DNA sequence: CTTGACCCTCACGTTGCGTGAGGCTGGAGG
DNA sequence: CCTCCAGCCTCACGCAACGTGAGGGTCAAG
């Protein structure tokens, strides 16, 4: 019995620009709702599209009008969305009165816990990787001494990083290094020690550069190096051989095994490269 | 100088089904790489599409063939992807030799930490929400006693949940409840106490059902209830009034304020509903 | 020659909107 | 009455990293 209202005239006069008052309107437009609830207009459009929250009214011009009841629903949506539920779950909770809300929440909590766990592992992996890139080696100084022996200098990784830290090879080395523990490093140290012994024995035995035995040793060095540090081409190996002879620290290492071993090693590497069609005097790193 | 090879014959014979041997092939097919690296074939296709990892070779039939070098790159991709980097970042790290890898990793770690934080907050919100749904009230028994007074029974929320836990109204109540602390509940308790006092005073003053003063009190009750628990329609309010009179606990509460207040309250609610065109004798919840 | 595992290239679907493009609507000021 | 401009509308593509078929070649073995 409200004679002043004619329900057939559907067009609803909305007080829009007069004031951000809202109180006398039959419904709020998307912009007003957006401001109230802190969601974007596009989100409201989206929720309307997928049927999650459609406005009860439209103006004659097609403007969405959200009633108080719509706002209630929107508010519930915002609440559930804020705790990370997917829109389908939210819709189920809001529309299906038999929905097991605490159950859904608990399931969500379990999922969140799982994701936190995965992220934590990921973070730990990142820590290892960062350490590997910066320190080159994920071992304590004591472990390093135990594995690499007394002539090991713990500053070497840092120096190597200083010199080569921006090369692709260092990156690859670091990536591998991140996955290595003491056991793996022990295996590498053993392989290198074996190779060093074999080199010394071969020089003693009078193996000559270019001989099959020498070339086999060169290949073995390339394989050990490749599996220990980074893929080594024959060209790169030549450069390495020159450095072993020229660098005092490396030369001291090899000459410490046998007098003259550094030079002999360089010579068998050169000869091995030549056997593969490479001129060792023009070989370049890369 | 390799006369046995004719580089113009591009077609590469791949040993595919004979054995999962792979050792003699010039390259591995997607399936073989997939098995080796633990990534899907589709991912390899995708990485090829976006130019992240294209195979160096193709057979005459168009099969992708990944060489040893390709495998190196793929392995690096897998490593960086496993620690959560986006493919664009991975590509930058692999292709841009000037890329600041440790920097990128540290940035990623910071992002991960942030996401963990957000998830933790989310989990805490879920805990609150679950508690609110199951206990109805996020207060300790002591807090409840302090806020709601000595006649409060801490078992009431649990009983209410038993009876109404699967209604929309309980869900809405729980959602609100999750955001309420002691202060908010104190405000609610104060508002209810004020209303109770006003009811008692009005009955003392001889206010009659249907009078403007009575109807105003009824509206005030509906507002307080709506803002405290969940939206209350006039129909629902009528049902509530009946329950206040019939339920011994509620009746005791109101009659404890003034003898006969429960009945009087029911009568002013009925009259108020009638003033809005509702027949209180046929009113239904919902 | 057939079979069956494996490969290819489209091309759409996923999640929850962001971000224009292009075009009405409606209150306010001239 | 006209214009201005904020605010509204409906498409429709884009994103991140593939999943999932559809439809159709390829290859080695029986």
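Quick notes
- For the residues of B:116-122, the average number of beta carbons from a partner chain within 10 Å of their own beta carbon is 5.
- For chain A: relative contact order, % (alpha-carbon pairs under 8 angstrom, 6 or more apart): 10 percent
- Residues A:112, A:141, sorted so that the one with the fewest Cβ neighbours within 10 Å comes first: A:141, A:112
- Counting every alpha-carbon pair across segment B:192-273, the share separated by more than 22 Å comes to 12%.
- With the largest listed first and rounded to whole Å, the semi-axes of the equivalent ellipsoid of chain A from the Cα gyration tensor are 77, 21, 16.
- Applying 1/(1 + (r/R0)^6) with r as the Cβ-Cβ distance of residue B:184 and residue B:88 and R0 = 51 angstrom yields a FRET efficiency of 0.65.
- Mean ellipticity per residue at 222 nm, deg cm²/dmol - from DSSP H runs of n ≥ 4 across chain B, formula -39500 (n - 2.57): -20500 deg cm²/dmol
- Axis angle, to the nearest 10 degrees, between helix A:234-246 and the longest C-alpha principal axis of chain A: 60 degrees.
- Peptide packing: for A:63-73, A:266-276, the average count of neighbouring Cβ atoms within 10 Å per residue gives the ranking A:266-276, A:63-73, highest mean first.
- Averaging 1/r across all pairs of distinct Cα atoms in the protein assembly as shown and inverting the result yields a Kirkwood radius of 31.8 Å.
- Plainly put, segment B:162-213 has a radius of gyration that is 1.17 times its Kirkwood radius, both from alpha-carbon atoms, as the Rg/Rh ratio.
- Gaussian network model of chain B, springs between alpha carbon atoms under 10 Å - residue of B:92, B:43, B:174 with greatest fluctuation: B:43
- Spin-label proximity, residue B:263 to segment B:209-227 - amide N less than 19 Å from point 7 Å beyond Cα toward beta carbon: B:209-211
- Residue B:182 label point (Cα plus 7 Å toward Cβ) to equivalent points in the other copies: 5.2 nm, shortest first.
- Sequence-separation-based contact order of segment B:24-110, relative, with Cα cut under 8 Å and 6+ spacing, percent: 23 percent
- Pair-distance distribution P(r) for segment A:65-109, from all Cα-Cα distances in 5 Å bins starting at 0: 5, 23, 30, 23, 12, 4, 2 percent.
- In summary, the convex hull built on the alpha carbon positions of segment A:42-154 has an orientation-averaged projected area of 12.0 nm².
- With R₀ set to 41 Å, the beta-carbon distance separating residue B:223 from residue A:120 gives a calculated FRET efficiency near 0.30.
- Length-normalised contact order for segment A:109-204 - Cα pairs under 8 Å, 6+ apart - percent: 32 percent
- Rounded to 10°, Cα long-axis angle of helix B:68-82 versus longest principal axis of chain B: 10 degrees
- Label geometry 7 Å along the beta-carbon vector: residue A:143 inter-copy distances in nm: 4.7
- If you run the Gaussian network model on chain B, springs between alpha carbon atoms under 10 Å, then out of B:177, B:34, B:123 the most flexible one is B:34.
- Nearest-0.05 FRET efficiency for residue A:193 and residue B:59, computed from C-beta distance (R0 45 Å): 0.55
- Angle between chain B longest axis and helix B:182-204 axis [Cα atoms, degrees, rounded to 10]: 20 degrees
- Counting only other chain Cβ atoms within 10 Å of each residue's Cβ, the peptide B:160-166 averages 1.
- Of B:42, B:89, B:176, the one that fluctuates the most in a GNM where chain B has Cα springs shorter than 10 Å: B:42
- Other-copy label distances relative to residue A:208, 7 angstrom Cα-Cβ extension, nm: 13.4
- Closest approach to the axis carrying B onto A, counted by Cβ on chain B and given in whole Å with its residue, is B:116, 3.
- Shape category assigned to segment B:133-181 from the gyration tensor of Cα positions, a/c cut at 1.5: oblate
- Estimated distance in nm for a label pair at residue B:204 and residue A:151, the labels positioned 7 Å out from Cα along Cα-to-Cβ: 10.3 nm
- Label-to-label distance, nm, for residues given as residue B:276 and residue A:95 (7 Å Cα→Cβ offset): 2.9 nm
- Extents of segment B:98-229, largest first, come to 88, 31, 29 Å (Cα atoms, principal axes, whole angstrom).
Any read-out appearing in this document is the output of simple, stated calculations on the displayed coordinates, not a laboratory observation. The structure presented is a predicted model; accordingly, all values stated were derived computationally and were not measured. Neighbour counts run over all protein chains shown; Cβ positions are idealised from the backbone, glycine included.
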